[in-house]
Amino acid sequence: MPGPRAVTIMLSAAEREVLTRWERSPKTAQALALRARIVLACAGGGTNGQVAAAAGVSVATVAKWRNRFAAHRLGGLSDEARPGRPRTVSEAQVREVITKTLEQAPPDGDTHWSSRSMAAASGLSQSTVSRIWRAFDLEPANRPRTNDSGR
């Protein structure tokens, strides 16, 4: 007994051009290129099984991208937000830590920031400050000492 009938995909000339460019461009993310290939094959009249065999993916994968394209057109081929815990540190807070690290001296007269002193100044945890520094390859203790006298 066959499953539900697959949605017919009809492409405009502009959509076909964009999908072909995505499929062929070496700079396109491989996941997006695969989705473009699937949609183009579906538009060519292939069944989910035929397209799946040709693309080396499951029938469920073809059905997913066929339906997403039918519902949302080209925008439906982009990645959706991934599950997981949302970020708790804003971009502004990250910028503040980086700016203070690179441009300001600690208020206590030390020559460089410690993760504890930056955490106290920024209101973030010490481990968060350390993660930011690691992500941006910042090592305040190894930076050249700034001399306030200009020498």
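The values are calculated or read from the model by the stated rules, or taken from the named source; none is laboratory data. Owing to the predicted nature of the structure, the values given are computational and were not obtained by experimental measurement. Positions of Cβ are backbone-derived with ideal geometry, glycine not excepted, and every protein chain shown enters the neighbour counts.
Worth a mention:
- Residue list for the range 25-48, restricted to those being more than 15 Å from V7 (Cβ to Cβ), at pLDDT below 95 and touching a helix residue (DSSP H, G or I) at 6+ places or on another chain (Cβ under 8 Å): S25, T28, L32, A33
- Number of the condition not met by F69 [criteria: (1) assigned to a helix (DSSP H, G or I); (2) within 30 Å of T8 (Cβ to Cβ); (3) without any contact (Cβ under 8 Å) to a residue 60 or more places away in the chain]: (3)
- Set side by side, the residues T61, T101 differ, and just one is surrounded by 12 or more Cβ atoms within 10 Å (Cβ to Cβ), under 27 Å from the mean Cα position of the chain (by Cα) and modelled with pLDDT of 95 or more, which is T61.
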